[in-house]
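Right, one structure below, let's go through it.
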Amino acid sequence: MSIVSVRNLRREYTQGAFTVHALRGVDLDIAAGEFTALMGPSGSGKTTLLNLIGGLDEPTAGEITVDGQDLSRMKAGDRSELRLRRLGFVFQSYNLIPVLSAVENTEFVLMLRGESAANRRQRAMETLAAVGLKGMEHRRPSELSGGQQQRVAVARAIAGEPALVLADEPTANLDSTTGHELIELMQRLNRERGLTFVFATHDPKVMEAARRVVRLEDGQIASDERKGS
Amino acid sequence: MLIAMAWRNLWRHGRRTFITASALAVSLAFVMAMLCFMDGMFRKMSEIMVDQATGHLQIAHPNYARARTLADTVPDLEQRLQTILAQPGTRAATPRMYGFALLGSEEETQGVQLQGVDPQREGIFIPFQDRMVEGRWLSGQPREIVLGEGLSRKLRVKLGEEVVAVTQASDGSLGNELYEVVGVLSSGSAMMDKSGAWLALGDLQELLVLPDQAHELVLLSTSLEPRQGDPVVLALAEASRASVGEELAIRPWWEVSPATATMMGTSDSTAWISMVIIFAVAGLGVLNTMLMSVFERTRELGVMGALGTRPARLVRLVLWESLLLGLLASGGGVVLGLFLDWLLITYGLNMTADGERMSSMGVLFDPIVYGVVKVDRIITSVALMLVIAVLAAIWPAVRAARLRPVESMRVDA
Ligand SMILES: Nc1ncnc2c1ncn2[C@@H]1O[C@H](COP(=O)(O)OP(=O)(O)O)[C@@H](O)[C@H]1O
Ligand SMILES: [Mg+2]
């Protein structure tokens, strides 16, 4: 069953007199449990596509269905609710709340969902341990390295057991070793927990880890490859 | 967690928060001092214009206030006075009688307003003993008279000399009597100083042939600063109605002198207006700080929105920050304000350069005004400051909530 279904998706940005065609008719299905890399050079439309799937943006034309819900028919408030209940996000960098500790950042989404303090704290602690941050739960983002911060971001994204995790260039601000470790972490979570990941990257090394690679070029899908195994 | 976040956000720019909170605190302290001083003024005005002038309640013949006819009196005075004094809620009561007469010295004659008073009881209302320019206040002995300062000058009489009063008594007969000048006073009212003379009630009753009568019974309630419609005064009016019966008029001070009531009422709105203006200025500081703070956190607020934080919660976060800022400020502000209040209560504020009594609308005031602290005033000013702090944050809060995550996150941190 596909978690994401995108049909003939277009997104145009109008800037004064001329129009940027960020996406020019994209069709894409992503099945539950997949680990998909969205590749392509800078400006090819990766962020635009992820934002549309994540309900953060509205398409110019086309349909997006996420977790069985038609995003184009949803109001902003309902899309926000969908993000809160069903989606996890990891952004490029600097995306933790600086005044909250690692464990507080991780339980933030659970707090928004209205879970009890004891419950969410326990879940957050477990999740941080799963991403390899045991012992650092009470550090603020400023007291963590870039790689550790992104691990907290991953923990926050998965603590609520989302149907889909969207990650936009999560390794872009990390050195290659740390970046690789983060990808391995996401791969492991995908394997062990069956979590569905879609992540954008233009790092060719990261591509090797993905089981499915979708290439975007100039707002269109240039290729879609699945690797065996 | 929201409140904890708000609190921590305040300290991301500790110095800015401290400065903004200080500005709020200083404005609160200033407002508290201003109210303390104004309340001191009100208390003084209330003493002079209500307690000492009209009293809280006046009991009189129903026609007396309108026609001022000599014969429209309160009869059976002694017995009524005793009942009134015995009823609960009466702090003080005194009878007054008024009459016009020609007062003659050896050299001059003047038309005067005679006031027949109970020397002891009247002293509770107006501290005449302290207002003597020469000689002494009435002792209660018969045939003594005290003159206003201006009048004594016009009559050119000295202490110990006699003056003769000539008047038409209530029965139509010609009354005349000799009195010894025992004192000269400065009453606080320019008009009374020019044409007023005080004598024992018994003497005036005799002169006007109105035995056991008076024109007014003046009462004080236990209220320290009776406002218009004061329930304590109204309760006393009710009790007095039971004591004196239906045939006499009982009027609270605000009916006796509506002009005074209006003046006391406007004083209160002046306080409110000044308070709002001072806090509004401080509120602009809060507005600026909160706008900056929201602007700096554009990306972070965008991330929160992307994760599914509802706009209402972002609004609450920013409002909480401002409220906490206000609470912080009110702590410091109240401490500083109480200190200023203490100074005002202990040392007062000299309103004139030379320490002379000052005159306003024909009424003399003491030059030093002492502050009066009222807990409800402090509570009101703190509450008003908090309300303004929160109001000032509404716009920044709405801006935070309106941020579109996609655009906010494009902003580099
Ligand atoms: N808000 C915007 N306004 C105008 N043009 C935009 C906006 N966002 C993206 N674009 C343009 O859309 C194209 C795709 O951008 P993006 O999705 O960010 O690509 P990628 O993430 O692959 O680098 C680019 O040409 C970019 O300049
Ligand atoms: Mg991008």
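The values are calculated or read from the model by the stated rules, or taken from the named source; none is laboratory data. This one's a predicted model, so the numbers in the text were calculated from it and none came from an experiment. Here Cβ is always computed from backbone atoms with ideal geometry, including for glycine, and neighbour counts include all displayed protein chains. Calculation scope for accessible area: heavy atoms of the full protein, side chains included, ligands and nucleic acids excluded. Shrake-Rupley method; radii C 1.70, N 1.55, O 1.52, S 1.80 Å.
Data overview
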| read-out | value |
| --- | --- |
| Residues that are under 16 Å from A:LEU164 (Cβ atoms) and in a loop (DSSP other than H, G, I, E, B), drawn from segment A:25-48 | A:ALA32, A:GLY33, A:GLU34 |
| Meets criteria (within 11 Å of another protein chain (Cβ to nearest Cβ), surrounded by fewer than 21 Cβ atoms within 10 Å (Cβ to Cβ), within 23 Å of B:GLU321 (Cβ to Cβ) and modelled with pLDDT of 95 or more) for A:ARG140 | yes |
| So A:LEU182, is it assigned to a helix (DSSP H, G or I) and buried (at least 22 other Cβ atoms within 10 Å of the Cβ) | yes |
| In segment A:100-122, the residues that are facing chain B (nearest Cβ under 9 Å) and under 24 Å from A:GLY135 (Cα atoms) | A:LEU100, A:GLU104, A:GLU107, A:PHE108, A:VAL109, A:MET111, A:ALA117 |
| Answer from B:MET1, B:MET5 - the residue that is open to solvent by less than 10 Å² (accessible area, probe 1.4 Å), over 28 Å from the mean Cα position of the chain (by Cα) and within 14 Å of chain A (Cβ to nearest Cβ) | B:MET5 |
| Meets criteria (without any contact (Cβ under 8 Å) to a residue 40 or more places away in the chain, part of a loop (DSSP other than H, G, I, E, B) and either open to solvent by less than 10 Å² (accessible area, probe 1.4 Å) or within 11 Å of chain B (Cβ to nearest Cβ) (or both)) for A:LEU128 | no |
| Any hit, segment B:149-166, residues being in a strand (DSSP E or B) and within 33 Å of the chain's Cα centre (by Cα) | no |
| Criterion violated by A:PRO170 - all others in (1) closer than 22 Å to A:MET111 by Cα; (2) open to solvent by less than 10 Å² (accessible area, probe 1.4 Å) satisfied | (1) |
| Close pairs from segment B:265-288: first at pLDDT 85 or above, partner among the acidic types (Asp, Glu) and part of a helix (DSSP H, G or I), Cβ under 7 Å, at least 6 apart | none |
| Subset of segment B:38-49 (residues that are open to solvent by less than 40 Å² (accessible area, probe 1.4 Å) and out of contact with any Asp or Glu (no Cβ under 8 Å at 6 or more places or on another chain)) | B:MET38, B:ASP39, B:GLY40, B:MET45, B:ILE48, B:MET49 |
| Every pair of residues 6+ apart whose Cβ atoms lie under 7 Å, when the first sits in segment B:181-199 and is within 18 Å of B:ALA165 (Cβ to Cβ) while the second is part of a strand (DSSP E or B) and polar (S, T, N, Q) | B:SER195/B:GLN113; B:GLY196/B:GLN113; B:GLY196/B:GLN115; B:TRP198/B:GLN115 |
| Selected residue (criterion: nearest to ligand 2 (Cβ to nearest atom)) from residues of segment A:27-68 that are among the β-branched types (Val, Ile, Thr) and more than 13 Å from every other protein chain (Cβ to nearest Cβ) | A:THR36 |
| Residue pairs meeting the criteria (Cβ under 6 Å; at least 6 apart or on separate chains; first touching a residue at least 60 places away in the same chain (Cβ under 8 Å) and farther than 21 Å from A:VAL103 by Cα, in segment A:156-172; second within 16 Å of ligand 2 (Cβ to nearest atom) and in a strand (DSSP E or B)) | A:ASP168/A:ALA200; A:GLU169/A:ALA200; A:GLU169/A:THR201 |
| Qualifying positions in segment A:3-22 - part of a strand (DSSP E or B) and modelled with pLDDT under 90 | A:GLN15 |
| Enumeration of residues in segment B:64-109 that are part of a strand (DSSP E or B), among the polar types (S, T, N, Q) and open to solvent by 50 Å² or more (accessible area, probe 1.4 Å) | B:THR109 |
| Residue ID - surrounded by the most Cβ atoms within 10 Å (Cβ to Cβ), chosen from residues in segment A:69-99 that are more than 19 Å from the chain's Cα centre (by Cα) and facing another protein chain (nearest Cβ under 8 Å) | A:VAL99 |
| Residue ID - nearest to ligand 1 (Cβ to nearest atom), chosen from residues in segment A:8-45 that are in contact with a Phe, Trp or Tyr (Cβ under 9 Å, 6 or more places away or on another chain) and within 23 Å of A:ALA210 (Cβ to Cβ) | A:ALA22 |
| Residue check, A:ASP175 open to solvent by 20 Å² or more (accessible area, probe 1.4 Å), more than 14 Å from chain B (Cβ to nearest Cβ) and more than 16 Å from ligand 2 (Cβ to nearest atom) | yes |
| Count of residues meeting criterion [assigned to a helix (DSSP H, G or I) and over 16 Å from A:ALA153 (Cα atoms)] in segment A:189-213 | 7 |
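Let's see how each residue does on (1) more than 16 Å from ligand 1 (Cβ to nearest atom); (2) under 30 Å from A:GLY132 (Cα atoms); (3) assigned to a loop (DSSP other than H, G, I, E, B):
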position: A:ASN51; (1), (2), (3): no, yes, no
position: A:ASP57; (1), (2), (3): no, no, yes
position: A:ILE64; (1), (2), (3): no, no, no
position: A:SER72; (1), (2), (3): yes, no, no
position: A:LEU84; (1), (2), (3): yes, yes, no
position: A:SER93; (1), (2), (3): no, yes, yes
position: A:PRO98; (1), (2), (3): yes, yes, yes
